[in-house]
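First up is the structure itself, then whatever we jot down about it.
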Number of protein chains: 2
Amino acid sequence: MPAPTVSGIKRGYIIPIGGREDKLVSPKVLQRFVELAGDKDAYIVIIPTASKLSDTGSEYVKVFKSLGVKNAVSLEIQARADTDNEDYLKHFEKATGIFMTGGNQLLLSTVLGGTKVARMIRRCNAKGVHVAGTSAGAAFISEHMIVGGATGFMPRYNMVNMAPGLGLTNKILVDQHFSQRDRLGRLLTALSYNPFVTGVGIDEDTGAFLADDGVIEVVGSGALTIIDMSHIEHSSMPHARDDDPISLVGIRMHLLLEGSKYDTNAHEVEVVSSTL
Amino acid sequence: MPAPTVSGIKRGYIIPIGGREDKLVSPKVLQRFVELAGDKDAYIVIIPTASKLSDTGSEYVKVFKSLGVKNAVSLEIQARADTDNEDYLKHFEKATGIFMTGGNQLLLSTVLGGTKVARMIRRCNAKGVHVAGTSAGAAFISEHMIVGGATGFMPRYNMVNMAPGLGLTNKILVDQHFSQRDRLGRLLTALSYNPFVTGVGIDEDTGAFLADDGVIEVVGSGALTIIDMSHIEHSSMPHARDDDPISLVGIRMHLLLEGSKYDTNAHEVEVVSSTL
């Protein structure tokens, strides 16, 4: 369950990004995140834990500063021991935005899971701090996370591996690099295990800006694939094994471009935009 | 438009098959076609025009005979001049089933289009003769046919090439080798040009048995992907160009296994089966 919000305070945006977001030429996705976080007065805390490269955090500090942010700091958390660092924890008190980089989502979950840092991110979000994550950072954001799987659009029994995520929301299950890496099948498989949740497939250079009211806005150059499982009448999942295709009756799917909005509570497309 | 039926006479089944149908071990798809055509009393006319191999027709003659059919004949039509052969045309008078092999659908359309043979197939079907086609033969069966395209699930503006087909039905637009060759995107693109038609993606070793009443039954070891475009609220197709993803709001999709039935008129799954 997401951390509880205090009465009168809106939860911050939850912003999974599909990876490879533009950082220089037309950085729309990062720009929108920065705007929400307070533009030049933003205080961005970067979590580069998913990345194996030593300069991922410092590179994002440069990117955010190039976007006009005065305060951007990277917390170099590479092991569970690093999560007790009081100097690191203090930054969360000032944060207006938290950004988790790409890499390997199992690094995020194994290093941060159950630590003070994970609790700080959850509490910050409940208190209004916007939390974005790209690629692995996007996968980690929800209660249930996709770790890996096979390609192709047809869901199959043994197609996806799941693990518990950070849990900022349980309204959506996200997958990233979505059309670029051909991942519809593994998302459908994950959703068919328990169709309570809305599937959100996020293309590269595209962000799903999930607001406090459950409405997602699309920002960026790619598409968002929304899978609405609320009308599923039948699933063969309980009878399937090995490589069997999964029969699913009643999938509803929407392919949305920048400016479009989807309400995850009403299961309705609210605003449609055709232009990239 | 399909050839008109005579009052009181049911149109024969229209049976697109997804390619690579089992011919020896568990030939369920071909067996069902043979049953419909009269079992041992069937008279199967094979059209191997799509194939560049000289023995494709004679191999299918053997397959149908191994399934108990007494009369199976292959019409070796390789050029438009062959379509006037009166010996060939006579076979259509006795046919209870017509089978078009795989290969290249442009060979079927360029050689048969506008000829007596095409007219004979259309009239036979209207008079109750069952017409099956596998792979290229399946692509050719409908009024609008997919010639080629790119892979992936995301529809994109320039993703598919279409051409006029044989026109036995305008209720469905089919694509074959469907999950095996990852063709959801090109089918969605084709459907989004004009969403009047139901999309039917057919896996290998799987047949879509479309009856006179508009109901499709799934036979075989793979899945049938039904794309119901009747609730599309928005499409960005008119504004798209080049490689743009196509925004589509309101796609309904069903993944069906053997024994399941879909009504193309009511746009409803009638029977659901979970078992292969």
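Nothing in this text is a laboratory measurement; each read-out follows from the coordinates by a stated rule. For clarity, every value in this text was computed on a predicted model and none was experimentally measured. Cβ: placed from backbone, ideal geometry, glycine included. Neighbour counts: every protein chain shown.
Worth pointing out:
- Residue match in the range A:17-29 (condition: surrounded by 13 or more Cβ atoms within 10 Å (Cβ to Cβ) and closer than 24 Å to A:Thr115 by Cβ): yes
- Close Cβ contacts (under 6 Å, 6 or more residues apart or on different chains) running from residues in the range A:249-263 that are at the interface with chain B (Cβ under 7 Å from one of its Cβ atoms) to residues that are buried (at least 24 other Cβ atoms within 10 Å of the Cβ) and not in a strand (DSSP E or B) comprise A:Leu255/A:Ala223; A:Leu255/B:Ser247; A:Leu256/B:Ser247; A:Leu257/A:Ala223; A:Leu257/B:Ser247.
- Condition broken by B:Gln180, with the remaining ones in (1) farther than 30 Å from A:Val269 by Cα; (2) in a strand (DSSP E or B); (3) within 12 Å of chain A (Cβ to nearest Cβ) satisfied: (2)
- Of all the numbered requirements in (1) within 13 Å of the chain's Cα centre (by Cα); (2) assigned to a loop (DSSP other than H, G, I, E, B); (3) crowded, with 20+ Cβ neighbours inside 10 Å, B:Gly133 misses one, and that requirement is (2).
- Residue within the range B:52-68 that is assigned to a loop (DSSP other than H, G, I, E, B), without any contact (Cβ under 8 Å) to a residue 60 or more places away in the chain and touching a Leu at 6+ places or on another chain (Cβ under 9 Å) present: yes
- Condition check for B:Val160 on (1) among the hydrophobic types (A, V, I, L, M, F, W, C); (2) within 12 Å of chain A (Cβ to nearest Cβ); (3) touching a strand residue (DSSP E or B) at 6+ places or on another chain (Cβ under 7 Å): one failure, at (2).
- In summary, A:Glu21 fulfils each of the numbered conditions (1) within 23 Å of A:Val200 (Cα to Cα); (2) assigned to a helix (DSSP H, G or I); (3) not small (Gly, Ala, Ser) with the single exception of condition (2).
- Once the range A:230-247 is narrowed to residues that are farther than 18 Å from B:Ser221 by Cβ and in a strand (DSSP E or B), the residue that is farthest from the other protein chains (Cβ to nearest Cβ) is A:Ser235.
- A:Ile227 vs. criteria more than 8 Å from every other protein chain (Cβ to nearest Cβ), touching a Gly at 6+ places or on another chain (Cβ under 7 Å) and outside any helix (DSSP H, G or I): yes
- Test: residue in the range B:197-219 that is under 18 Å from A:Leu255 (Cα atoms), in a loop (DSSP other than H, G, I, E, B) and either out of contact with any strand residue (DSSP E or B) (no Cβ under 8 Å at 6 or more places or on another chain) or more than 11 Å from chain A (Cβ to nearest Cβ) (or both): no
- Test for A:Leu106: is it within 19 Å of A:Arg20 (Cβ to Cβ), among the aliphatic types (A, V, I, L, M) and either touching a residue at least 40 places away in the same chain (Cβ under 8 Å) or assigned to a loop (DSSP other than H, G, I, E, B) (or both): no
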